[in-house]
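Before any comments, here is the structure.
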Amino acid sequence: QVQLVESGGGLVQAGGSLRLSCAASGRTFSRYAMGWFRQAPGKEREFVARISSSGGNTGYADSVKGRFTISRDNAKITMYLQMNSLKPEDTAVYYCAADRDPYGSAQQRAYDYWGQGTQVTVSS
């Protein structure tokens, strides 16, 4: 079992940066792949980034590639999403998720555990 809590969201001006954190609990965290997803009002939840259990393999949605960086610290049982060059279209609730498969996936249905989300708002 894994419990996930996101933090670090807030209001930021376009072009600015935020770092989201996902604090996890559970003995098996280091064996799970992790992902970040987001959902804007009126839109379906979409994939943002993923990272394998070891941190050695990452993947990103085209919309955030080159601007966002996913990382994890298994010793601290925490995953991060560094967001740079933020755009108004990045405004959404951001969710972290854990996949019992160690490789991970861009598909929501592959993930077994979800946090409650943290709001990111980017102003023009």
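The values are calculated or read from the model by the stated rules, or taken from the named source; none is laboratory data. Since we're looking at a predicted model, the values are computed, not measured. Virtual Cβ from ideal backbone geometry, glycine too; neighbours counted across all protein chains shown. When the accessible area is computed, the model is the full protein with side chains, heavy atoms only, and any ligands, DNA or RNA have been set aside. Shrake-Rupley method; radii C 1.70, N 1.55, O 1.52, S 1.80 Å.
In this structure, is Tyr94 within 13 Å of Gly55 (Cα to Cα) and either at pLDDT 95 or above or out of contact with any strand residue (DSSP E or B) (no Cβ under 7 Å at 6 or more places or on another chain) (or both)? Step through it out loud before you land on a result.
Details: within 13 Å of Gly55 (Cα to Cα): no; either at pLDDT 95 or above or out of contact with any strand residue (DSSP E or B) (no Cβ under 7 Å at 6 or more places or on another chain) (or both): yes.
Considered against the rule, which asks whether it is within 13 Å of Gly55 (Cα to Cα) and either at pLDDT 95 or above or out of contact with any strand residue (DSSP E or B) (no Cβ under 7 Å at 6 or more places or on another chain) (or both), Tyr94 comes out as no.
Here Val64 meets the list (1) surrounded by 14 or more Cβ atoms within 10 Å (Cβ to Cβ); (2) farther than 13 Å from Asp90 by Cβ almost entirely, failing just condition (2).
Among residues of the range 90-101 that are farther than 10 Å from Thr118 by Cβ and part of a loop (DSSP other than H, G, I, E, B), those with a beta-carbon under 8 Å from a residue that is open to solvent by 10 Å² or more (accessible area, probe 1.4 Å) and of a type in the set (Gly, Ala, Ser) at least six positions away or on a different chain give the pairs Thr91/Ala40; Asp101/Ala110.
Please go through the range 57-89 and give me each residue that is of a type in the set (D, E, K, R) and not in a loop (DSSP other than H, G, I, E, B), ordered by number.
Arg72, Asp73, Glu89
Just one of (1) open to solvent by 10 Å² or more (accessible area, probe 1.4 Å); (2) assigned to a strand (DSSP E or B); (3) in contact (Cβ under 8 Å) with a residue 60 or more places away in the chain; (4) not hydroxyl-bearing (Ser, Thr, Tyr) fails for Gly104. It is (2). Every condition in (1) over 16 Å from Pro88 (Cβ atoms); (2) not in a strand (DSSP E or B) holds for Gly16 except the one numbered (1). If you go through the range 90-100 one residue at a time, do you hit one that is open to solvent by 40 Å² or more (accessible area, probe 1.4 Å), out of contact with any Phe, Trp or Tyr (no Cβ under 7 Å at 6 or more places or on another chain) and more than 17 Å from Ser7 (Cβ to Cβ)? No, every residue in the range 90-100 fails to be open to solvent by 40 Å² or more (accessible area, probe 1.4 Å), out of contact with any Phe, Trp or Tyr (no Cβ under 7 Å at 6 or more places or on another chain) and more than 17 Å from Ser7 (Cβ to Cβ).
Could you tell me which residue of the range 107-124 is least open to solvent (accessible area, probe 1.4 Å), considering only residues that are in contact (Cβ under 8 Å) with a residue 12 or more places away in the chain and small (Gly, Ala, Ser)?
At the first step, the residues of the range 107-124 found to be in contact (Cβ under 8 Å) with a residue 12 or more places away in the chain are 107-108, 111-124.
Then drop every residue that is not small (Gly, Ala, Ser), which leaves 115, 117, 123-124.
Details: Gly115: 7, Gly117: 26, Ser123: 47, Ser124: 126 Å².
Result: Gly115.
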